[in-house]
Amino acid sequence: MGRGELDGTTAQQDKSILPHTIDFVEPEADHRMRHQRFIRQQLHELEVKQSVMKRQLSELHGHRLADRLRSVEIEQRRLASASFNVSRQIAGLDKLHGSMLELLEDVEAIQGKFEKTVPDMRREIAKVEFGVAQAASEQGLVREEVHNAAKSIQAMAVSVSALQEERDTVKRLQGEVHELKDELARIRSASVLHREMAHNRLEKLEAGSKSDYNGSTTAPHRTLTELERTTKLVQQLESVENEYESIINKLPRDCSQIERMRTTGTANQPGDGGLYLIAPAEQHHPLMTQCFGEWTTVQRRQDGTVDFNRSWEEYAQGFGTPAGEFWIGNQALHHLTQDNCSRLRIVMQDIYDNTWFADYATFRIDSRDAGFRLDLGGYSGNASDAFEYQNHMQFSAIDVDRDISNTHCAGNYEGGWWFSHCQHANLNGRYNLGLTWFDASRNEWIAVKSSHMMIARRPECDANVTELPVEQQQQPVTSGLAAATSTPSDASRSLHGTNPRQQQHDSTTTAPTFS
């Protein structure tokens with residue numbers, strides 16, 4: 001190969017190495033442009049040197065051609081190596097350019113996303129502003145509610161004072177009822193005493209009349225006068241006794257009878273939660289209780305204001321107030337349920353304000369001689385049948401232990417109940433120790449906050465009951481003892497007064513749906 005061909009080939013290789021768009025400059029790649037300018041300068045210098053060497057080669061042609069050719073080859077190798085390095089740098093620049101383009105695309109994508117996000121952000125800001133405005137309006141409403149609550153508290157304070165007055169009125173009425181009971185008992189005992197005295201006096205008069213028959217003429221006359229006076233006194237006492245029996249007989253037996261009278265329109269009764277004077281069968285004195293429809297209240301716990309840690313005799317007689325915490329008395333329970341026609345409903349509320357029910361289709365309490373033994377059955381409800389565990393047990397109190405446990409349940413838990421092994425069910429225990437009812441479905445005790453026990457007669461038992469005639473029920477109210485001869489509805493209204501809030505059920509006890 002000649003020198004000219006070699007030079008041409010080298011020049012073509014150099015031109016193939018150089019980029020076709022050497023003057024192309026991208027605005028975003030200034031550093032790349034500077035680098036390419038530097039490379040072009042080097043290439044220019046190499047071309048100048050190459051031209052100089054060509055001239056030298058032409059001048060030295062024929063003079064030491066072999067040495068010059070070797071030098072040229074060495075220089076050509078150096079230039080080829082430099083060209084290779086320059087090509088590699090250009091390839092790196094191409095990669096850098098590609099990376100810059102990708103980075104630019106990413107920036108553009110981010111910018112596009114940001115532009116798309118701006119409307120969403122504006123909407124979110126608008127929502128936040130709306131929420132702030134709504135919160136401001138709610139704050140105004142809360143302030144208004146606080147103001148209204150303050151007014152309500154003031155009204156409640158007035159209501160509390162009124163309720164306290166009503167409670168005093170109820171206590172006064174209960175005192176009057178107790179006085180009425182005492183007066184009736186005194187009249188009854190006095191009638192018995194005077195009857196005995198009259199019989200003794202008659203016997204003495206008869207004996208004296210026989211002995212003095214042949215005496216003076218004035219003695220028989222005096223004896224007949226005393227006899228007439230004594231006979232009149234006996235008749236008056238018998239009249240008082242009959243009047244007392246008539247009072248008792250005209251009182252309703254229980255709330256079921258009052259509800260039937262109200263339903264049939266034979267008596268104009270107030271609504272649920274009213275206080276009523278009733279006289280259970282074979283119980284010769286009246287008692288006061290609270291009625292919810294046909295249901296007679298026999299027990300209530302709600303706030304611990306009444307001490308239930310009492311003697312067996314106190315549980316037999318009853319204690320508390322019918323509109324508050326109350327135990328009607330085991331003796332009254334026996335008279336109310338002795339015909340085995342009663343059913344029981346227990347409404348409980350736990351400390352989490354959940355309501356629990358336990359209904360029993362049959363409920364009966366035995367006599368005092370049988371220890372007021374419990375007999376019930378036919379459970380339904382959501383509270384579990386915890387009472388069945390204590391079925392057929394006698395009543396225990398702090399002074400009478402009739403349970404089958406090794407411990408004294410009534411003494412330990414401070415309340416009378418039909419205990420067997422203490423704590424399956426106990427609604428009369430010490431209030432701050434907790435009233436309990438075992439829920440077998442969850443295998444845990446219900447922490448009872450309030451309880452309400454009520455009884456009503458089964459409908460099938462009263463299918464053939466004949467109510468009192470209307471003319472007997474509507475007798476007017478008179479003064480003194482004769483006030484009790486009024487109708488059950490009139491006697492009940494006389495206890496209520498004129499304030500309807502006395503008829504409301506306490507807020508801590510959930511009023512059940514009575515069927």
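The values are calculated or read from the model by the stated rules, or taken from the named source; none is laboratory data. Note that the coordinates shown come from a computational prediction; the quantities given were computed from them, not determined experimentally. Note that each Cβ is placed from the backbone with ideal geometry, even for glycine, and that neighbours are counted across all protein chains shown. Areas reflect the complete protein model, heavy atoms only, side chains present, ligands, DNA and RNA absent. Shrake-Rupley method; radii C 1.70, N 1.55, O 1.52, S 1.80 Å.
Miscellaneous remarks
- Placing a pseudo-label 7 Å from each Cα along the Cα-to-Cβ vector at D94 and D339 gives an inter-label distance of 11.5 nm.
- Projected label distance in nm at R55 and H31, using a 7 Å step from Cα toward the beta-carbon: 4.0 nm
- Protein-only accessible surface at a 1.4 angstrom probe places the residues K54, K250 in the order K54, K250, largest first.
- A cut-off of 5 Å between modelled amide H atoms, ignoring neighbours fewer than 5 places along the same chain, links S367 with F372, R373.
- Cβ-derived FRET efficiency at R0 41 Å, Q236 paired with D399, nearest 0.05: 0.45
- Karplus-derived 3J(HN,Hα) values for the stretch 150-156, using 6.51 cos²θ - 1.76 cosθ + 1.60 with θ = phi - 60°, are 4, 5, 5, 5, 4, 5, 5 Hz; glycine and proline are entered as x.
- As a fraction of the 1.4 Å probe accessible area of the stretch 253-460, surface on carbon and sulfur atoms comes out at 47 percent.
- If you take all other residues with their beta carbon under 11 Å from the beta carbon of P280, and give Lys and Arg +1 and Asp and Glu -1, the sum is -2.
- Put a plus charge on the Cβ of each Lys and Arg, a minus charge on the Cβ of each Asp and Glu, and nothing anywhere else: the dipole of the stretch 253-460 about its Cα centre is then about 380 debye.
- Note, ³J(HN,Hα) from phi for the stretch 73-84, Karplus 6.51, -1.76, 1.60, rounded to Hz, x at Gly and Pro: 4, 5, 5, 5, 4, 4, 5, 4, 5, 5, 4, 4
- When only Cα pairs below 8 angstrom with a gap of at least 6 residues are kept, the stretch 250-375 shows a relative contact order of 17 percent.
- Proximal lysines to K113, defined as alpha-carbon separation beneath 28 angstrom and excluding residues fewer than eight positions away on the same chain: K95, K127
- Accessible surface of H35, taken over heavy atoms with a 1.4 Å probe and every protein chain present, rounds to 60 Å².
- The stretch 253-460: proportion of alpha-carbon pairs further apart than 29 angstrom, %: 18 percent
- DSSP beta bridges fully contained in the stretch 253-460 are about 100 percent antiparallel.
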